[in-house]
Amino acid sequence: MQERMNRAIEANELPGLHSTVVMLGGELIAEAYFTGEDERWGIPIGEVVHGPETLHDTRSVTKSIVGLLYGIALGEGIVPDLETPLLDVFPEYADLRDGSAREAITIADVLTMQMGTEWDESLPYSDPRNSEIAMELADDRYRFVLDRPMVAEPGTVWTYNGGAVALLGHLISEGSGMALDVYAQSRLFEPLGISDFEWVAGADGVPSAASGLRLKAQDLATIGVMIAGNGTYNGRQVVPASWLDVSFSAQAAIMDGFDYGMLWYLAVGPSGDQIIIASGNGGQRLTVQPSAEFVVATFAGRYNDPEAWQLPLRVVVDFAVPEVNRARSE
């Protein structure tokens, strides 16, 4: 696969691709790495020779990882259940109980990005008017997220919202008594054998739950292997299977062919099998087809390019799937 991808890179058919890892049945069957310009949470870091040991921004794939962490924490009984009204667990913002629909927002609405509040991440993440960036620049990120104007009934309209995940990260941290990255290391990464990662924090020192996680490509793929195993890895139940069932159940239709669960995108493959996707700015993507135990992790550097989502899709269809077919035929 590396050679075929090299030819495609030379022909400028895979612009910005940094790495891809393909797993089948829990085994590594192919990987490829390339040199390219990169960033660390929006800050250019120059040309990077990517390889198996290179940490890379996952950007909004981070949100899906936080979804897994919330399920682990819920299983431990340290975070609110799905039907809990959001403002009940943020009592310090009692002034926001203004008699509006805001009081009806539940934790489930937060996890499915159906809070009904005004939020706009359509602008580049270099633009301070982007709601996620405005949240990072705010004096109090949680008040910023919670006091956005209501524009829809909670639970009825899907709006991409990094602020929702910031709230979830805070609840995990408060419930566990640990910083989000420490909790992730203890409950998710260590059980998966992931020892090298970085979780970039905002100006307030809080790890960015919306986009700050940096991982190696193989480690992102390992998370996919665990998901394909219904939450188990090396015989250990890492994420409750019941949580994955809920997370991967369609909660909102977001576009033709794509639904949204709880911080995961959901699609259907050509054979009708479910495909589970985590996606991030610039071409970051984790694709999991549980029925086939097929996992593809892709990193790229096309940050703020609205067409970047096509790159990892092409990697899966034109390179990973043929590699899997070849492996199966041997």
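The values are calculated or read from the model by the stated rules, or taken from the named source; none is laboratory data. Please read all numbers here as calculations on a predicted model, not as lab measurements. Heads up, the Cβs are rebuilt from the backbone with ideal geometry, glycines too, and the neighbour counts pull from every protein chain shown.
Contact annotation: residue pairs with Cβ atoms under 7 Å, 6 or more positions apart or on different chains, pairing a residue in segment 142-158 that is aliphatic (A, V, I, L, M) with a partner that is in a loop (DSSP other than H, G, I, E, B), are Leu146/Phe90; Met150/Ser100; Met150/Gly116; Val151/Gly116; Val151/Glu118; Ala152/Gly116; Val157/Gln114; Val157/Gly116.
Residue by residue through segment 207-248, note down the ones that are within 18 Å of Thr112 (Cα to Cα), in a helix (DSSP H, G or I) and either in contact with a Leu (Cβ under 6 Å, 6 or more places away or on another chain) or small (Gly, Ala, Ser) (or both). Give the derivation first.
Step one: list which residues in segment 207-248 are within 18 Å of Thr112 (Cα to Cα), which gives 209-211, 242-248.
Now narrow it down to the ones that are in a helix (DSSP H, G or I): 242-247.
Ser242, Ser247 - these are the residues of segment 207-248 that are within 18 Å of Thr112 (Cα to Cα), in a helix (DSSP H, G or I) and either in contact with a Leu (Cβ under 6 Å, 6 or more places away or on another chain) or small (Gly, Ala, Ser) (or both).
Within segment 34-82, if we keep just the residues that are hydroxyl-bearing (Ser, Thr, Tyr) and in contact with a helix residue (DSSP H, G or I) (Cβ under 8 Å, 6 or more places away or on another chain), the residue that is nearest to Gln218 (Cα to Cα) turns out to be Thr54. Does Asp88 fit the bill of being over 30 Å from Tyr233 (Cβ atoms) and in a loop (DSSP other than H, G, I, E, B)? Spelling it out, it is not the case that Asp88 is over 30 Å from Tyr233 (Cβ atoms) and in a loop (DSSP other than H, G, I, E, B).
I need the full set of residues from segment 200-224 which are touching a Gly at 6+ places or on another chain (Cβ under 6 Å) and crowded, with 23+ Cβ neighbours inside 10 Å, in order please. Don't jump to the end; show me each part of the working.
As a first pass, look at segment 200-224 and keep what is touching a Gly at 6+ places or on another chain (Cβ under 6 Å): 200, 208-210.
Across segment 200-224, the qualifying residues are Ser208, Ala209, Ala210.
Residue under question is Gly282, and the condition is that it be touching a strand residue (DSSP E or B) at 6+ places or on another chain (Cβ under 6 Å), modelled with pLDDT under 95 and of a type outside the set (D, E, K, R); does it hold? In short, no. Restricting the first member to segment 231-250 and to residues that are crowded, with 20+ Cβ neighbours inside 10 Å, and the second to residues that are of a type in the set (D, E, K, R), the beta-carbon pairs closer than 8 Å and six or more apart or on different chains are Val238/Arg187.
Looking across Ala297, Ala278, Ala267, one residue alone is farther than 26 Å from Ser208 by Cα and assigned to a strand (DSSP E or B). It is Ala267.
Selection of segment 58-105 for residues being over 19 Å from Gly177 (Cα atoms), more than 21 Å from the chain's Cα centre (by Cα) and touching a residue at least 40 places away in the same chain (Cβ under 8 Å) yields Leu86, Leu87, Tyr93, Leu96, Ser100, Ala101, Arg102, Ala104, Ile105.
With respect to Leu263, determine if the residue is touching a residue at least 40 places away in the same chain (Cβ under 8 Å), in contact with a Leu (Cβ under 9 Å, 6 or more places away or on another chain) and at positive phi.
Details: touching a residue at least 40 places away in the same chain (Cβ under 8 Å): yes; in contact with a Leu (Cβ under 9 Å, 6 or more places away or on another chain): yes; at positive phi: yes.
Against the criterion (touching a residue at least 40 places away in the same chain (Cβ under 8 Å), in contact with a Leu (Cβ under 9 Å, 6 or more places away or on another chain) and at positive phi), Leu263 qualifies.
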